[in-house]
Amino acid sequence: MTTTPEIGARSLPLLLLGSESDPASERGVACPGELPPASDPELVERARAAKAALGDQVFVLGHHYQRDEVIQFADVTGDSFKLAREAAARPQAPYVVFCGVHFMAESADILTAGHQQVVLPDLAAGCSMADMATFDQVEECWEVLEDMGIADDVVPVTYMNSSADIKAFVGRHGGVVCTSSNARRALDWAYAKGEAGSGGGGKKVLFLPDQHLGRNTAVLEMGFSLDDCVVYNPHRPDGGLTREQFRDARMLLWRGHCSVHGRFSKASVDDMRARVPGVNILVHPECRHEVVLEADYIGSTEYIIKTLDAAPAGSSWAVGTELNLVRRLANAHPDKNIMFLDKTVCFCSTMNRIDLPHLVWSLESLARGEVVNRIQVDEETAHYAKVALDQMLALP
Ligand code: SF4
């Protein structure tokens, strides 16, 4: 059975979700200089010409959640970690244009060679989840753990979706970075650390900044109970937790979440199952626990792509992840019924800040020899962040 993808066929309310504060202002001016107007009919041709003029000098990375108008110019597409590694594997390209968000460009800068310069076409492209854990807040949390006398028992683990500062904090304290694909392995390693007698820790994990990925991994993949997990709220004294809660918890979850994946609810799943008999529910582990409990399949963006590629023709799928990716997958598989899980059309607003005018502006500036919007992590932060990233690469 061939069906029209539901997204695009329905007239749905539109939402753009992303940073709730405006850390872009702290990062500097989003786009100094003149942007070409979005109405310029020559934009595609200008991007093509600038990229051709740069040749092997530039390597363009496109995250899966980017707009189609941008992704068409990507030399490689992928999730944040895959893209950072791809950039590192291309040392011959002095310029890396990262079409994604700020923390991703930071990781690319950390992993690429010193002569490579990473450009983020719009500095306002942040991430609401990464912005929910600031360095000062995490330092304060660690002081609370020290006051409680449990810091030596705790291994910090941070999701890739965090600032370089937070990755460096984790590297300094003997922890590890994880992705949505290897969170289970990272947690196994962290809990085994104390048992192996390799420098303490291991009884508890402080999981940053996405409470949902931490909880879903601990409960669904590792057999923890919900009571083993507590949520540390950086906006409340002592994280809003009692001494007993700190003592008894095995998983200290930071109170952060993705504004986009956090939108999906059990009601979205129930509604979809009622409307589309036999539908498969496929969601990202950044979704809330109540949603992943109801889902048929759970996995990273790469897993979602592979699952839909392998799905039989005629099958129906409701997908809980960012809409640009779902829409692209629906268009790529017209023989399958691929739908967005929520009733409201919802893009990641910060991902969407990278549009064709910003890409053209970045590429044309580089072609003139002018490096704009460079993302550069200071040496010490990069060193310790790399310690935590390298630990991830060494996971068994
Ligand atoms: S989709 Fe969520 S986690 Fe990803 S960049 Fe947007 S806000 Fe951040």
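The values are calculated or read from the model by the stated rules, or taken from the named source; none is laboratory data. No experiment lies behind these values; they were computed from the predicted model shown. Ideal geometry is used to build each Cβ from the backbone, glycine not excepted, and the neighbour counts take in all protein chains shown.
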Q: Identify the single condition in (1) part of a helix (DSSP H, G or I); (2) more than 15 Å from the chain's Cα centre (by Cα) that A113 does not satisfy, given that it satisfies every other one.
A: (1)
Q. Among the residues of region 325-372, which ones are small (G, A, S), part of a helix (DSSP H, G or I) and surrounded by fewer than 21 Cβ atoms within 10 Å (Cβ to Cβ)?
A. A332, S365, A367
Q) Is one or more of the residues making up region 132-141 buried (at least 20 other Cβ atoms within 10 Å of the Cβ), assigned to a loop (DSSP other than H, G, I, E, B) and touching a helix residue (DSSP H, G or I) at 6+ places or on another chain (Cβ under 7 Å)? A) yes
Q | Index of the failed condition, N161 passing every other in (1) part of a strand (DSSP E or B); (2) within 16 Å of the ligand (Cβ to nearest atom) | A | (1)
Q: Answer with yes or no whether H289 is more than 15 Å from the ligand (Cβ to nearest atom) and of a type outside the set (G, A, S).
A: yes
Q) What do you reckon, is F169 surrounded by 17 or more Cβ atoms within 10 Å (Cβ to Cβ), more than 27 Å from E290 (Cα to Cα) and at pLDDT 95 or above? A) yes
